[in-house]
Amino acid sequence: MIKIYHNPRCRKSREGLDVLEKSGKDFEVVLYLENVPIHDELKTIIKQLGIPAMELVRKNEAIWKEKYKGKTLSENEIIDAMVENPKLIERPIVINGNDAVIGRPSEEINKIV
């Protein structure tokens, strides 16, 4: 089952959702600001994306600048920061089996659906 971690208030996330809707495939929408992924789930997603945790962080968010910018953080500490402050998670994230992409630009989603 395809899964999209979605924020309806984000234009890029809505564009990603549109790509999935046009694909005609079944998918599940996870409103990750309401259903925040736990540490291990986010760690798995990062592994599927094949990136370091820092690449999933929205570094322009005020929360990041105020609490974390300039600090040396481990992978687990970065993941914990995203779990505690899910606004920091880049979106949309689309997962299909073991494959995952950040849908920026939304055309990236076509690589796995």
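The values are calculated or read from the model by the stated rules, or taken from the named source; none is laboratory data. None of the values given here were measured: they were computed from a predicted structure. Cβ: placed from backbone, ideal geometry, glycine included. Neighbour counts: every protein chain shown. Protein only, heavy atoms only, side chains kept; ligands, DNA and RNA dropped before computing areas. Shrake-Rupley method; radii C 1.70, N 1.55, O 1.52, S 1.80 Å.
Normalising the Debye intensity of segment 47-113 to I(0), with uniform scatterers on Cα atoms only, and taking log10 at q = 0.16 Å⁻¹ returns -0.56. Spatially close Lys pairs in segment 1-108, defined by Cα atoms under 17 Å apart and a spacing of eight or more places or different chains, total 16. Accessible surface for Ser74 stands near 50 Å², nearest 10, in the context of the full protein assembly shown (1.4 Å probe). Across the protein chains, with a 1.4 Å probe defining accessible surface, the residues Val19, Val57 rank Val19, Val57 from largest area downward. Distance distribution note for the chain: the fraction of Cα pairs above 20 angstrom is 36%.
Full extension of the chain between Lys69 and Leu33 gives 10.8 nm of extra length, using 0.36 nm per residue less the Cα-Cα distance.
All C-alpha to C-alpha distances of segment 3-51, sorted into 5 Å bins beginning at zero, yield P(r) values of 5, 19, 24, 24, 21, 7, 0 percent in whole numbers. Kindly state, to the nearest 0.05, the FRET efficiency for Asp18 paired with Asn60, given R0 = 25 Å and r defined as their beta-carbon distance. Between Asp18 and Asn60 the formula returns 0.60.
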